Amino acid sequence: MKKWTIGCLLFFFAIVFCTGCSQTEKSTATTATQSATARLKSNRIGASFTISHAMWLNGSWGGPRGDGEAVGPPWQESLKAEADSGVSTVRLSHPWDLVEPEQGKFNWKELDEAITICEQAGVEIVLCIGVKSPRYPEYHPPGWIKAEVEKRLKPKPTDELKIAIPDQLKKQIDELQQLVKKDPNDKALLDQLEEVNEQLNMVMAATPKARDAIKRYLTAAVIRYRDRASIKVWQVENEPLTFTRPMALSQVKEEIELVRSLDSKKRPILVTTWTAVDVPPEWSAGWTTAVEQIIPLGDIVGFDCYIKSHEWETQEGHWQLVKQWMASARKQGKKVWITEWQAEPWEEGQKMDFKDPYGNKSFNPKLYEDTFQLALRLKPDKILLWGEEFQIACKKQGNSAWRVATAHLFFDVLDPNWRYPPQERD
């Protein structure tokens, strides 16, 4: 009896000890998870998110195949997946023409919802506002601005913005549209039509009427969101002085000063510039001037960097020029970010393959991983990935390779002790 009692006690203590060990292991694993997540957040990796683009991928606003077909999840699910992925920052944008579809009548529904989703995930927000916002066609003046300008204003070239007047551009557009009708597959004609349409939008944004309307929109946006603690940075316009489609320098300065004056918390202002491909010799001076002009305007200077499209590939030598521009910004006391680091393919006509990881000619998950070291070598204060909406749409189509590549960058390259989170291993 005595031996049996001792045996039972030993068995009981063994169970308690093993259970304790198991609980300790679980606690250690939880602590490791929390610390790894904290380390990940401290790496200051973020992502850009354009609400309208996620809507486009979902087919709720146009569609990547032009017929409203959905390839991605609802934009809210896409943003939640991005915000929950371990990023520390999300740069949010929604084009002005969708925010103010009628003059003076603002639709804040999507932005309100997006900000709440980011807040629930505990990520910081950069809010991009202005007539220029990420994603094609860059300039997003509402239809009512275009109509008013076309009816009443005929702006002439200025010293700052030497471009054709709308009548000339409209004539070009009409002529090109007639030619495209005759040969709808002529790529050169389609490219030319796209270019003059973008120039027309640029002209619209530069008229006095449009400039006043943009300032009213900026005022409304800042007043609405300035008390949201999650918003840490304002981005005023997107690539406003980029050499090929610039805004007037005086206009950009006015807008930045307005946003500063409206925000009692004095949040930093982010300004961005396109830095992707090798600059042609004839553009070199103008492009460098544009970068030099943008640097003093903000507190943070964002550089938009891309590796490869269906048309071009950034060569190694160009990164030396980007380094010089970043060094210039740092000398002027600015923080330096990469505000767009390529994380999606750029295919002709935006005809992307969402199912096959290697079905796109311009970019694939392996090239994405292999070239990320370039971003790290530039040593920015923050890196924002560009193309998370595409990656999440791919995953919905059964292609997880892009998300696994991002997980690899986050958790192996940036934190070698971390393993893929379960939802990205599937």
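Taken together, the values in this text are just the output of simple stated rules run on the coordinates, not laboratory data. Only a predicted model underlies this, so the values are computations on that prediction, with no experimental measurement involved. All Cβ positions, even for glycine, are placed from backbone atoms using ideal geometry, and neighbour counts span all protein chains on display.
Could you tell me the relative contact order of the range 328-408? Use alpha-carbon pairs under 8 Å, at least six residues apart, and round to a whole percent. Mind showing how you got there, number by number?
Working: 98 pairs, mean separation 31.2, N = 81.
Averaging sequence separation for qualifying contacts and normalising by length gives 39 percent for the range 328-408.
Run the numbers for LEU190 and GLU69: contour at 0.36 nm per residue of separation, minus the present Cα-Cα distance, in nm. Present the calculation step by step, with values, prior to reporting the outcome.
Values: separation 121, 0.36 × 121 = 43.56 nm, distance 2.31 nm.
Between LEU190 and GLU69, full extension yields an extra 41.3 nm.
Please report the net charge: other residues with Cβ closer than 11 Å to the Cβ of SER264, K and R +1, D and E -1. Mind showing how you got there, number by number?
Working: positive: ARG226, ARG260, LYS265, LYS266, ARG267; negative: ASP227, ASP263.
Result for the local shell: +3.
Determine ³J(HN,Hα), in whole Hz, for all residues of the range 337-343 in sequence, where each value follows from phi through the Karplus function 6.51 cos²θ - 1.76 cosθ + 1.60 and θ = phi - 60°; x replaces Gly and Pro.
With the stated coefficients, the range 337-343 comes to 10, 9, 8, 9, 10, 4, 9 Hz.
Could you list, in their original order, any pairs among LYS308/LYS379; LYS209/LYS253; LYS109/LYS395 whose Cα atoms are separated by more than 23 Å? Don't jump to the answer; show the numbers that get you there.
On the way: LYS308/LYS379 21 Å; LYS209/LYS253 17 Å; LYS109/LYS395 27 Å.
Checking Cα-Cα distances, LYS109/LYS395 exceed 23 Å.
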